[in-house]
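Inspection log for the structure reproduced underneath, given as structure tokens.
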Amino acid sequence: RAKEQGRSRYHLYTSSMDEQAFRRLTMENSLRKALQREEFSLYYQPKVNIKTGQIVCLEALVRWQNPEMGLILPNQFIPLAEDTGLIIPLGEWVLRTACAQNKTWQLLNYPPMRVAVNFSPRQFQQPRLTDMVEQILGEADLAPCWLELELTENVMLQNVEKTVQTLNRLSNLGIHISIDDFGTGYSSLSYIKKLPIQTLKIDRSFVHDINTNADDAAIAIAVITMAQSLRLNVIAEGVETLEQMKLLDGLNCPEMQGYLFSKPLPVAEMTTLLSNIKWPDMTWKDPTLH
Ligand code: C2E
Ligand code: MG
Ligand code: MG
Ligand code: MG
């Protein structure tokens with residue numbers, strides 16, 4: 001009986017494995033064609049300076065609209081793009097599109113903001129990265145100070161010497177460097193003083209329960225305090241509620257990002273948002289005004 005059970009379980013297991021492998025292959029084939037078919041688009045999410053109410057930056061977040069599979073979020077295809085190397089051409093497309101879009105908003109006379117682009121570790125290790133970035137900025141005619149790169153601390157796990165060198169080059173161009181999902185990676189803190197970075201992004205896993213979980217609050221306080229002492233900027237991501245915002249404001253966290261302010265929006269909707277709010281707009285600071 002046990003044998004029978006075992007066999008049927010084994011059977012189930014292999015068929016679901018086949019299915020998974022098949023799904024992955026289908027995804028990979030579709031992903032390969034997606035760039036030529038122009039199935040990717042960028043959504044943008046504001047980062048807000050809580051004191052002035054101004055949008056300081058828009059983070060570009062990639063979306064994949066596949067005719068068969070529908071809208072696919074990055075967590076479902078970025079890892080595959082990494083494994084297959086497709087992240088390199090995709091990443092270039094994201095950077096080119098984001099820089100061109102920021103230039104367009106500048107030409108439309110919106111208050112200048114940075115545009116932030118996420119770089120995965122593999123992208124960051126690619127040869128001639130700085131040349132590529134410089135070329136794209138040139139093509140877009142965008143000054144480097146309006147570009148921000150978001151890297152996770154896991155890029156430090158690769159080749160530290162080379163990472164420092166690349167970051168120095170990018171930083172010397174005037175590009176803003178942020179450490180994304182700060183506090184969730186595996187690297188030691190000592191790299192922070194070695195690297196030319198401007199901003200720490202407190203991961204949203206620490207923000208989610210910040211009002212009720214003392215450990216999460218303690219981590220947020222530690223990151224904010226450390227950023228202040230090291231003269232780094234700090235931003236909290238995933239701010240969804242007024243309570244989270246008030247607590248973080250009380251901790252003197254200068255910048256925030258999250259659904260409370262705006263979800264990531266496609267270009268047309270972001271442009272409408274930029275036209276409609278009179279920045280600085282402080283109404284969200286006072287709940288009685290809502
Ligand atoms: P991330 O860079 O940490 O981006 C934040 C993620 O949290 C985004 O998910 C965003 O939509 C979501 N988010 C923002 N505010 C809130 C909030 O208030 N509550 C909650 N629950 N979520 C919020 P998304 O767009 O699905 O992206 C997931 C991850 O995929 C990103 O995490 C980033 O690591 C990666 N990614 C996105 N676009 C790109 C890209 O163009 N290139 C690379 N290499 N990675 C990308
Ligand atoms: Mg990010
Ligand atoms: Mg993040
Ligand atoms: Mg994240």
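The values are calculated or read from the model by the stated rules, or taken from the named source; none is laboratory data. Note that the structure is predicted; figures quoted are calculated from it, not measured. Note that each Cβ is placed from the backbone with ideal geometry, even for glycine, and that neighbours are counted across all protein chains shown. The area values use the complete protein model at the heavy-atom level, side chains included, leaving out ligands, DNA and RNA. Shrake-Rupley method; radii C 1.70, N 1.55, O 1.52, S 1.80 Å.
What helices (runs of 4 or more DSSP H) completely inside the stretch 111-225 contain at least 3 residues that are modelled with pLDDT of 95 or more and within 14 Å of ligand 3 (Cβ to nearest atom)?
Numbers: elements: 121-124, 129-140, 160-173, 191-194, 204-207.
Of the helices (runs of 4 or more DSSP H) lying wholly inside the stretch 111-225, those with at least 3 residues that are modelled with pLDDT of 95 or more and within 14 Å of ligand 3 (Cβ to nearest atom) span 204-207.
For residues that are of a type in the set (S, T, N, Q) and over 21 Å from Pro264 (Cβ atoms), scanning just the stretch 25-71, find the one that is nearest to ligand 4 (Cβ to nearest atom).
First pass over the stretch 25-71, keeping only residues of a type in the set (S, T, N, Q): 26, 29-30, 36, 41, 45, 49, 52, 54, 65-66.
Restricting the remaining residues to those that are over 21 Å from Pro264 (Cβ atoms) gives 26, 29-30, 36, 52.
Working: Thr26: 26, Asn29: 27, Ser30: 24, Gln36: 28, Thr52: 26 Å.
The qualifying residue nearest to ligand 4 (Cβ to nearest atom) is Ser30.
Which condition from (1) open to solvent by less than 50 Å² (accessible area, probe 1.4 Å); (2) part of a strand (DSSP E or B) is the one that Leu71 breaks?
So Leu71 meets the others, but not (1).
Could you identify the single residue in Gln65, Gln106, Gln36, Gln101 that is farther than 27 Å from Thr241 by Cα, part of a strand (DSSP E or B) and not aliphatic (A, V, I, L, M)? Working first, answer last.
Numbers: Gln106 fails: part of a strand (DSSP E or B); Gln36 fails: part of a strand (DSSP E or B); Gln101 fails: part of a strand (DSSP E or B).
Unique residue meeting the criteria: Gln65.
Step by step: first the residues of the stretch 112-171, then only those that are polar (S, T, N, Q) and open to solvent by less than 40 Å² (accessible area, probe 1.4 Å), then the one that is farthest from Ile87 (Cα to Cα). Which residue is that?
Restricting attention to the stretch 112-171, the residues satisfying the condition of being polar (S, T, N, Q) are 118, 120, 123, 125-126, 130, 135, 152, 154, 158-159, 163, 165-166, 168, 171.
From the residues that got through so far, the ones that are open to solvent by less than 40 Å² (accessible area, probe 1.4 Å) too are 120, 123, 126, 130, 152, 163, 166, 171.
Details: Ser120: 8, Gln123: 7, Gln126: 10, Thr130: 16, Thr152: 16, Thr163: 18, Thr166: 19, Ser171: 23 Å.
Within the stretch 112-171, the match that is farthest from Ile87 (Cα to Cα) is Ser171.
Among the numbered conditions (1) assigned to a loop (DSSP other than H, G, I, E, B); (2) open to solvent by 50 Å² or more (accessible area, probe 1.4 Å), tell me where Val239 comes up short.
Against the list (1) assigned to a loop (DSSP other than H, G, I, E, B); (2) open to solvent by 50 Å² or more (accessible area, probe 1.4 Å), Val239 comes up short only on (2).
Among the residues of the stretch 105-119, which ones are away from ligand 1 (no atom under 16 Å from the Cβ), hydrophobic (A, V, I, L, M, F, W, C) and within 17 Å of Leu273 (Cβ to Cβ)?
Trp105, Leu108, Met113
Counting just the residues of the stretch 250-261 that are touching a helix residue (DSSP H, G or I) at 6+ places or on another chain (Cβ under 8 Å) and open to solvent by 10 Å² or more (accessible area, probe 1.4 Å), which one comes out farthest from Glu148 (Cα to Cα)? Even if it seems obvious, please write down each step before you answer.
Kept after step one, since they are touching a helix residue (DSSP H, G or I) at 6+ places or on another chain (Cβ under 8 Å), are these residues of the stretch 250-261: 251-253, 256, 258, 260-261.
Of the ones still in play, those that are also open to solvent by 10 Å² or more (accessible area, probe 1.4 Å) are 251-252, 260-261.
Numbers: Leu251: 25, Asn252: 22, Leu260: 22, Phe261: 20 Å.
Filtering the stretch 250-261 for residues that are touching a helix residue (DSSP H, G or I) at 6+ places or on another chain (Cβ under 8 Å) and open to solvent by 10 Å² or more (accessible area, probe 1.4 Å), the one farthest from Glu148 (Cα to Cα) comes out as Leu251.
If a residue has to be in contact (Cβ under 8 Å) with a residue 24 or more places away in the chain and over 19 Å from Lys201 (Cβ atoms) to count, how many in the stretch 135-168 make the cut? Outline the logic, then answer.
Taking the stretch 135-168 and keeping what is in contact (Cβ under 8 Å) with a residue 24 or more places away in the chain, we get 136-137, 139-160, 162-164, 166-168.
Applying the additional criterion that residues be over 19 Å from Lys201 (Cβ atoms) yields 136-137, 139-144, 158-160, 162, 164, 166, 168.
So the answer is 15.
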